[in-house]
Amino acid sequence: SSPRQFFVGGNFKMNGDISSIKSIVTHLNDAKTDSNTEVVIAPPALYLLLTREHLRSGIEVAAQNVFDKPNGAFTGEISVAQLKDSNITWTLLGHSERRVVLQETDEFVARKTKTAIDGGIGVILCCGETLEQREADKTIEVVTSQLSAVAKTVQDWSKIVVAYEPIWAIGTGKVASTQQAQEVHKAIREWIGKELGEEAAKKTRVIYGGSVSEKNCKELAKEEDIDGFLVGGASLKPAFVDIINAKA
Ligand code: PEP
C-alpha cells in the first residue's frame, strides 16, 4: 500500500450561495467517508467562515487563493494570518483559471506558496499544460518549470500537495486517460526526487484534477502515482462522496 494518505479536494470555484453551500456541507457531514482519505473543500472566500462553522471536524477548509503580504493596503486580498484566524488551514494556489484569466505568473504563485507555507497553512499547488503544449510534447517541461519556480524558494514540501490538472481536461468533461495521468504523475515524482530528495518524492501527494467524476475516479485511483483528486464541478454534487471514497 502507498506511503501517502489519499487526498481529495473540492474546488467550488465561483459557485454556490449560502443555501447551496449549507446543503453541501450538511450532505458531507452526514456522509460515510473513508477515514483513510484526507478531505478538503474550497468554497468562495465569502463563504469560508460559514463553511468552517457548519462543517464537521475531520474535514478541512481551503481558500481558493491567498496574498503574499501579511497585511496592509492591498484592496481585495486576503492574508495567511486572516485564514489561520478563521481556522482555514489550506489554500489552493496556481489554479489554471488564475494563471490564465488573472494572469498569475509562476513567480507570483511561488511567492504566495512560500508565504502560505511559512505561515503554517497547507498548499494545494496546481500545475498543468494546455492542449497546444501537450500536442507539442511539452507537458513535462511545462509542469516541472511551474513547480521549479516554487522549489527555488520553498525547500520543505511536507505541506504541499501537488495537483496535476491538464487545462484541456478542466471543466470540459474530457478526462485524461489513466495512462496519460500516471505518466505525468510519475514524472512529477521523479522531478521531486531530483530537486528535493527521495524522502520528499516518497511522501508528497500528487493528485489529479480535470473532469474527475464518480464514474472515472476508481480507475484513476488505482494508478501508483495518483494520490487523490482535485475535483471542480463534481464537488458541488452529492457524488463528491463517491470520489472521496474512490479507494474504499
Ligand atoms: C478544477 O477546477 O480544479 C477542476 C479539476 O475542475 P473540473 O473537475 O470541473 O474539471
- [ ] Residues being within 19 Å of Leu28 (Cα to Cα) and more than 15 Å from the ligand (Cβ to nearest atom): count how many of those fall in the range 217-237.
- [x] 0
Task: All positions within the range 175-199 that are more than 14 Å from Val162 (Cβ to Cβ) and over 18 Å from the mean Cα position of the chain (by Cα) - done: Ser177, Thr178, Gln179, Gln180, Glu183, Lys194, Gly197, Glu198, Glu199
- [ ] Would you check if Ala187 is more than 16 Å from the ligand (Cβ to nearest atom), assigned to a helix (DSSP H, G or I) and under 18 Å from Ser2 (Cα atoms)?
- [x] yes
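Considering Ala181, Ala201, Ala151, which residue is within 14 Å of the ligand (Cβ to nearest atom), free of Cβ contacts under 8 Å to residues at least 60 places away in the same chain, in contact with a Phe, Trp or Tyr (Cβ under 9 Å, 6 or more places away or on another chain) and of a type in the set (A, V, I, L, M)?
On the way: Ala201 fails: within 14 Å of the ligand (Cβ to nearest atom); Ala151 fails: within 14 Å of the ligand (Cβ to nearest atom).
Answer to the selection: Ala181.
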Open item on the list: List the strands (runs of 3 or more DSSP E) inside the range 1-81, counting only whole elements, that have at least 2 residues being crowded, with 18+ Cβ neighbours inside 10 Å and of a type in the set (Gly, Ala, Ser).
Closed with: 6-11, 59-63
Task: Condition broken by Gly210, with the remaining ones in (1) more than 16 Å from the ligand (Cβ to nearest atom); (2) in contact with a Pro (Cβ under 7 Å, 6 or more places away or on another chain) satisfied - done: (1)
TODO: Quickly run through the range 89-116 and pick out the residues that are away from the ligand (no atom under 16 Å from the Cβ), within 15 Å of the chain's Cα centre (by Cα) and not hydrophobic (A, V, I, L, M, F, W, C).
DONE: Thr89, Lys112, Thr113
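Computed from the coordinates by the stated procedures, all read-outs in this text should not be read as laboratory data. Here the structure is a predicted model, which is why all the values come from computation and not from measurement. Using ideal geometry, Cβ is built from the backbone for each residue, glycine included, and neighbour counts are taken over all protein chains shown.
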